[in-house]
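Data block below; observations after.
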Amino acid sequence: MDKAFQKVDAVVVGAGPCGLFQVFELGLLGINSILIDSLPQIGGQCSELYPDKPLYDMPGILVCTGKELADNIFQQIKPFKPQLKLDEEVTMVEKSGTGYKVITNKDSCFLTKTLFVAGGVGSFQPKKIVLKDIEQFENNWLHYKIQEKKNFLAKKLVIFGGGDSALDWAIEFASSSDFQNSGGSVTLVHRSATFRGAEHSVDKMKKLVNSNQLQLIEFGQLKSFNCESDSLNSIVISIQNKEISIDADQLLVFFGLSAKLGPIANWGLDITKKSIHVNPENCQTNQKGIYAIGDIAKYPGKKKLILSGCHEAAMAAFAAKAIIEPGKKVHVQYTTTSTKLQERLGVLKK
Ligand SMILES: Cc1cc2nc3c(=O)[nH]c(=O)nc-3n(C[C@H](O)[C@H](O)[C@H](O)COP(=O)(O)OP(=O)(O)OC[C@H]3O[C@@H](n4cnc5c(N)ncnc54)[C@H](O)[C@@H]3O)c2cc1C
């Protein structure tokens, strides 16, 4: 049976900082957009990889965290009322007449005049621990990310990994008075004695080990687990040629993330090493009306910075306007002085 396609002017794939800003630039030109992301939250890498870390290179913002940046851009695009689809992956893009059919894994179907691919490095998947039957305990006592720190109060935590995330969280819990006062304990297990994380984090972690606030097991790997009616009691760690058993309630695993370009690779775009080649004058790909911006876009001199992606969003929006409203002259206008732009932003004082 034929699917019902919603006819739209613009679809933006990816709600990272650049995809969000694409909605803003389109909105300024009077173009409404659909914004789709496979993650359950907005912000792309900013929210997924460094929500609490500070950024210092946004014009006019001295410092803000990754999450604050994403939240602020989201506030900025609210006047344009984008139709937001989170936790939904765009799986198919297919030429149809002068536009494109866009279909998601949840069967949302759009017929769009223009498409903006702001897919970053693709969709993120945490690298999982490989051990028989352990996957069924994910989000019970096995975690690959932390949503609520307070859920771990009073727990015997074991953190696996040797990179920044493992170190940051081990330090965070071991130096938190709330956590220590609750009776919680934390053990860091790494498969070698060389840590990939920042040097100052390794130093901090070792200080916490010396003051007995953190236990460290080097050359350790999870061998097996012992649980009773879904609750974890203990785990067995193999350390080179021996095995030890330690009490544990919750396991946090930070083996890093792998990014998969996923379905974007099948949309007929000119791709090399997970990047889409674009014309640097307007960010159009090899397909008319499909633009790529942000980390995924490639052209000579490309810098993978949020700043560059926002500039690309402006160029792509102007190019798309010519497709959506052919023949109409579009001038650059300033938000400071243009009443039309202020009307669109909903800030015009009557
Ligand atoms: C630790 C760290 C610190 C950083 N610090 C800075 C900094 O200080 N300054 C700076 O400028 N940059 C910094 N960056 C880089 C910056 O985060 C990226 O340049 C930026 O996130 C790129 O934004 P984007 O919107 O292009 O892509 P992303 O942020 O990667 O977002 C892409 C989104 O597309 C979604 N997606 C992909 N495929 C699909 C699909 N088929 N369907 C639906 N959704 C899809 C993904 O789920 C993702 O949410 C940092 C990066 C890291 C990792």
So residue 228 clears everything in (1) away from the ligand (no atom under 16 Å from the Cβ); (2) in contact (Cβ under 8 Å) with a residue 24 or more places away in the chain except one condition, right? Which one?
-> (2)
Applying the selection to the stretch 172-205, what residues are more than 16 Å from residue 251 (Cα to Cα), over 28 Å from the mean Cα position of the chain (by Cα) and surrounded by 13 or more Cβ atoms within 10 Å (Cβ to Cβ)?
-> 180, 182
Residue set 322, 313, 292; condition more than 20 Å from residue 61 (Cβ to Cβ), open to solvent by less than 30 Å² (accessible area, probe 1.4 Å) and of a type outside the set (Ser, Thr, Tyr); output residue 292
So, first residue small (Gly, Ala, Ser) in the stretch 29-48, second residue part of a loop (DSSP other than H, G, I, E, B) and open to solvent by 40 Å² or more (accessible area, probe 1.4 Å), Cβ within less than 6 Å, six or more apart or across chains; the pairs are 38/89; 47/41
Does residue 278 satisfy being within 16 Å of the ligand (Cβ to nearest atom), modelled with pLDDT of 95 or more and in contact with an Asp or Glu (Cβ under 9 Å, 6 or more places away or on another chain)?
-> yes
Within the stretch 327-349, identify whether any single residue is under 18 Å from the mean Cα position of the chain (by Cα) and open to solvent by less than 60 Å² (accessible area, probe 1.4 Å), and answer yes or no.
-> no
Please determine, by comparing only the residues of the stretch 261-275 that are aliphatic (A, V, I, L, M) and surrounded by 15 or more Cβ atoms within 10 Å (Cβ to Cβ), which one is nearest to the ligand (Cβ to nearest atom).
-> 264
Could you list, in sequence order, all residues of the stretch 48-100 that are in contact with a Lys or Arg (Cβ under 6 Å, 6 or more places away or on another chain) and either more than 14 Å from the ligand (Cβ to nearest atom) or among the charged types (D, E, K, R) (or both)?
-> 88, 94, 99
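For every residue, the table says whether it meets (1) of a type in the set (D, E, K, R); (2) modelled with pLDDT under 95; (3) under 19 Å from residue 297 (Cβ atoms).
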| position | (1), (2), (3) |
| --- | --- |
| 9 | yes, no, no |
| 12 | no, no, yes |
| 19 | no, no, yes |
| 23 | no, no, yes |
| 41 | no, yes, no |
| 56 | no, no, no |
| 68 | yes, no, no |
| 87 | yes, yes, no |
| 102 | no, no, yes |
Within the stretch 295-310, restricting to residues that are near the ligand (Cβ under 7 Å from one of its atoms) and buried (at least 19 other Cβ atoms within 10 Å of the Cβ), the one that is nearest to residue 93 (Cα to Cα) is 296
Keeping to the stretch 222-232, report how many residues are open to solvent by 70 Å² or more (accessible area, probe 1.4 Å) and part of a strand (DSSP E or B).
-> 3
Of the candidates 258, 245, the one satisfying the condition of being surrounded by fewer than 15 Cβ atoms within 10 Å (Cβ to Cβ), small (Gly, Ala, Ser) and under 21 Å from residue 19 (Cα atoms) is 258
Restricting to helices (runs of 4 or more DSSP H) lying wholly in the stretch 16-127: which have 3 or more residues that are open to solvent by 50 Å² or more (accessible area, probe 1.4 Å)?
-> 66-77
Would you mind stating whether residue 313 is within 15 Å of the ligand (Cβ to nearest atom) and not basic (Lys, Arg)?
-> yes
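The values are calculated or read from the model by the stated rules, or taken from the named source; none is laboratory data. In this text, all values refer to a predicted model and were calculated from it rather than measured experimentally. Positions of Cβ are generated from backbone atoms using ideal geometry, with glycine treated the same way; all protein chains shown enter the neighbour counts. With ligands, DNA and RNA removed, areas are computed over all heavy atoms of the protein, side chains included. Shrake-Rupley method; radii C 1.70, N 1.55, O 1.52, S 1.80 Å.
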